[in-house]
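Step one of this worksheet: look at the structure below.
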Amino acid sequence: MSAPHVSLATKLSYGIGGFGKDFNLIIVNTFLFFYYTDIAGASAYFVGLVFLGARIWDTINDPIFGYLVAKTKSRWGKYKPWILVGNILNAIALVMLFSAHLLDGTAQYVYIAVTYVIWGMCYTFCDAPFWSLIPTITLDKTERERLLPFPRIAATLGSYLASGCGIYAVNLFASGEDKGPGYIALGTIAGVLALASAIVTCIWTKQTYEDADEKKENEISLSKALKLVFKNDQFLIFLGIAISYCFATNLVNGLNLYFFKYVIGDTELFSFMMLWAGIFGVGSLFFFKQMISALSRRRLFLISMILPFIASVLLLGAANSAELQMFLIAVAGILTGLSNAVYWLIVMIMVADTVDYGDVKFGIRSESISYSLHTLVNKCSGAICSLIMGLLLTAVGYVPNVEQTEQTIQGISVTYVGISVFCLVAAVIYMRWYKLNGKGLDQIQANLEKKYEGNIVNK
């Protein structure tokens with residue numbers, strides 16, 4: 001029996017959901033640490049500790065949340081109610097994040113800690129269920145490769161609009177030299193876009209499959225579910241890849257504004273770089289199927305993990321070459337855009353593939369917990385990077401909004417390039433140990449289509 005075709009309406013509506021969600025995330029990943037130190041005036045070391053503490057809490061919260069989602073029963077399925085509620089809460093939390101400058105002293109520090117923990121929980125509420133929809137829409141590898149470019153195109157567009165236009169939005173809504181109102185406006189815009197995107201996904205995305213073993217899944221305990229996930233060797237290898245890549249790119253993303261402001265000397269050149277990244281990142285996704293056909297998914301994924309290292313080296317060159325600066329920044333932006341777009345598209349397919357692998361091997365699907373753990377890995381790597389960034393900035397004598405010493409500039413530069421080596425580590429892990437490619441993956445998905453052909457629904 002051939003797999004049901006995924007309609008264009010479902011592809012578009014599911015894709016739109018990725019736009020606001022990633023716009024929201026990039027606003028936080030790109031601007032929040034800088035906002036806390038340079039606008040709210042908080043200690044970089046304290047902010048790093050808060051980010052790490054929040055992620056320690058997430059190691060408890062995220063798997064429990066994934067288990068609760070797996071237990072959810074509603075006329076709209078397991079995931080859509082959480083996507084909607086999560087985005088409502090997330091929009092509120094986002095505005096709260098960028099209001100820290102309204103307080104000072106101990107009250108401000110308590111506020112930063114509490115609101116950041118709340119935002120992290122709310123983001124999990126909307127992110128993990130969103131990606132968990134994939135196996136309920138289609139189990140077919142080809143259909144997934146046709147579906148996934150839609151949310152990745154929208155998410156990539158949202159990401160680059162957020163990072164590229166964020167500085168301009170802040171300046172537009174700022175009150176003179178006071179940038180605080182500009183950041184509140186930016187948070188409000190991001191929250192509204194995320195909620196609007198989620199509504200479109202919940203209304204028009206049609207689910208094709210439900211779990212044939214749903215009763216069995218609902219009876220399984222959280223500890224048993226986690227044990228099964230961690231027995232999934234391909235999922236664990238996948239997590240190793242994700243940890244290495246995200247650690248590198250999150251630290252680079254966190255340092256971007258510092259690098260462009262203090263090393264290159266112009267934050268608006270960061271927007272210039274992200275313009276090129278957006279054009280080529282979004283554009284590449286329109287040709288994803290052609291790139292897969294020409295290179296294979298495996299080669300394309302490897303390339304996506306090598307490009308960030310090359311881009312960081314080019315940016316270091318741009319800081320030391322006035323004549324080639326604009327050219328090198330543009331090329332670095334192009335490579336960054338291609339890497340981010342292709343990596344995140346293939347990664348979401350890979351999580352679904354590891355879920356399928358676990359279903360065949362253990363007889364239990366674990367979409368919610370697997371995607372929650374992947375979200376947790378992304379957030380934890382970001383938190384560890386924030387702590388490292390806070391420690392680094394403190395160690396090299398960083399002082400906000402003044403001309404930095406040569407030691408500080410060198411420290412930022414060395415870290416900016418050196419940390420991208422972890423992307424190469426991710427590539428090595430993938431080449432050496434990840435096996436879900438080619439005929440083996442085709443056989444897994446053929447078995448599952450046969451298993452679930454009697455469980456076709458339309459939600």
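The H on the amide N of Q207, modeled in the peptide plane, is under 5 Å from the matching H of K459, each at least 5 residues off or on a different chain. For the chain, the longest principal axis of the Cα atoms and the long axis of helix 268-285 meet at an angle of about 20 degrees. Share of pairwise Cα-Cα distances greater than 41 Å in the chain is 14 percent (whole percent). Only lysine pairs 8 or more places apart, or on different chains, with alpha-carbon atoms under 30 angstrom apart are counted in the range 99-218, and they number 5. Exceedance of the 23 Å cut-off in Cα-Cα distance is limited, within the set K361/K439; K71/K435; K361/K450, to K71/K435.
Listed values for the range 96-101 are Karplus-derived 3J(HN,Hα) couplings in whole Hz (6.51 cos²θ - 1.76 cosθ + 1.60, θ = phi - 60°), namely 4, 4, 8, 10, 5, 5, and x replaces Gly and Pro.
Think of it as helices only: each DSSP H run of n ≥ 4 in the chain is worth -39500 (n - 2.57), and spread over all residues that comes to -26000 deg cm²/dmol at 222 nm. Relative to the longest principal axis of the Cα atoms of the chain, the long axis of helix 367-395 lies at roughly 10 degrees. Among T106, T30, the ranking by other beta carbons within 10 Å of each residue's beta carbon, starting with the fewest, stands as T106, T30.
Legend: residue pairs K231/K451; K11/K231; K73/K289, Cα-Cα distance threshold 28 Å; pairs beyond threshold, K11/K231; K73/K289. Computed from phi, the 3J(HN,Hα) profile of the range 396-407 under the Karplus parametrisation 6.51, -1.76, 1.60 (θ = phi - 60°) reads 8, x, 5, 10, x, 6, 10, 5, 7, 6, 4, 4 Hz, with x in place of Gly and Pro.
Using the Karplus relation 6.51 cos²θ - 1.76 cosθ + 1.60 with θ = phi - 60°, the per-residue 3J(HN,Hα) values for the range 420-429 come to 5, 4, 5, 5, 5, 4, 4, 4, 5, 4 Hz, with x marking Gly and Pro. Taking Cα atoms only, the orientation of helix 105-132 departs from the longest principal axis of the chain by about 30 degrees.
Bear in mind these aren't lab numbers, they're just calculated from the coordinates by the rules spelled out. Here the structure is a predicted model, which is why all the values come from computation and not from measurement. When we count neighbours, we look across all protein chains shown, and the Cβ atoms used for this are built from the backbone with ideal geometry, even at glycine.
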